[in-house]
Amino acid sequence: MAKVSLLLFLLLSPYLLLADGHIFVYHRFDDTRYPTTNISTKELRKEFNYLKNNGYKVVPLIEIIKKVNNNEEVPSNWVAFSIDDGFKSFYTHGLKVFKEYHYPFTLFIAVKYTEKNYKDYVSWKQLKEISKYGQVEFHSYGHGHFGQMNNEEIKADMDKGLALMKQHLNYVPNLFVYPYGEYDERVAKVLKPYGFKAVFNQNIGAVNGICSDLNEIDRSAVVGSNAHDFKLYLKFQELCGVTFTQPTVYPKNKIVKTVEVTLEDKTIKSADIFISNNGWTKVKVHNGKILWHANKKVKLNRIKIGVKVKSKIKLMVLSH
């Protein structure tokens, strides 16, 4: 009987690994001047040790994207790391930890700050050194608010940044991150002709190889106080089949009156709704429909609205 059980386990074990992978994003390392976007290398090592000791596999970001592109399940023990903006503290503090653990990473640079030699950002020479250990990809030229820029301004920014990357690194990027994680259908449409293999946001979540959208791949930020939620984020899965109906634009009076969401899974009876500055609220679901009269005040010019069912989660962004 024991032999039969063991055989059954071995046959099933590949399927037990199939679920959702996770992508994490960092910004600054050991830079206490900016606590909300910083992580200490001490905390970073804690996270890396947890992955190492609990059966996780750190893979290059592009490997997860290949799974999504092929509509293949992403193993639940897969993790990928990204770093945004190109702050010098990654070169001076963070890089040595990634090298120590032999973990791959993808650095998304905002080209303007490197090109103009801003003191807190990596130089082109340092980027060439960094590229020996990980991938360097694109995060716009000027790191502007794309939602507030017209189509021609976005194109000019993109073209300038891409030309400089080609000039200095002899490389045409395959991956892109929305500045500030801000995007909408119009912005996505402007970026589509650039032919990126994937475009990333900065929403808490996971990556499902079957239902994730290559134009808005979720990445969880583990910086500031959020660094303590690293283990929690590893448990999240992507909630597939979600349509956000209301609101679709940033509320002019900064009050989210109604949240309306449609779920493909009509067996769901309850969910939690998130609104920035207001936390999570449990609501009822009727035949796949959520209609919640929230009347919640928001403070930020960029807000997130999300829905969570148990460990499955999906967020969207609205920008002022």
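For the chain, the relative contact order comes to 16 percent (Cα pairs under 8 Å, sequence separation of at least 6). Over segment 94-225, what is the relative contact order in percent, taking alpha-carbon pairs closer than 8 angstrom and at least six residues apart? So the answer I get is 19 percent.
Within the shell defined by Cβ-Cβ distances under 13 Å, the residues around PHE87 carry a net charge of -1, with Lys and Arg each +1 and Asp and Glu each -1. Bridging of LYS112 to lysines at a Cα separation below 16 Å is possible for LYS88, LYS125, LYS155, LYS160, LYS166, once same-chain residues fewer than 8 apart are set aside. By definition, a body whose alpha carbon gyration tensor gives a ≥ b ≥ c is oblate when a/c is 1.5 or more and a/b is not larger than b/c, and segment 87-210 fits this oblate description. Computed about its Cα centre, the charge dipole of the chain is approximately 680 debye, with only Lys, Arg, Asp and Glu carrying charge at their Cβ.
Its DSSP H runs of at least 4 residues, each contributing -39,500 (n - 2.57), put the calculated 222 nm mean residue ellipticity of the chain at -8000 deg cm²/dmol, to the nearest 500. The DSSP beta bridges internal to the chain are antiparallel in roughly 55% of cases. The relative contact order of segment 192-320, computed from alpha carbon pairs under 8 Å that lie at least 6 residues apart in sequence, is 23 percent.
Of the DSSP H helices in the chain, those that are both long (alpha-carbon extent of 15 Å or more along the helix axis) and hydrophobic (Kyte-Doolittle mean at least -0.5) are 2-16.
Normalised by 2.2 N^0.38 Å, where N is the number of residues, the C-alpha radius of gyration of the chain stands at 1.03.
For segment 289-320, the residues whose backbone nitrogen is under 15 Å from a point 7 Å from the Cα of GLN246, taken along Cα to Cβ, are 289-296.
Every number here is computed from the coordinates shown, using simple stated rules; none is lab data. Keep in mind it's a predicted model, so treat the numbers as computed, not measured. FYI the Cβ positions are ideal-geometry reconstructions off the backbone, even for glycines, and counts take in every protein chain you see.
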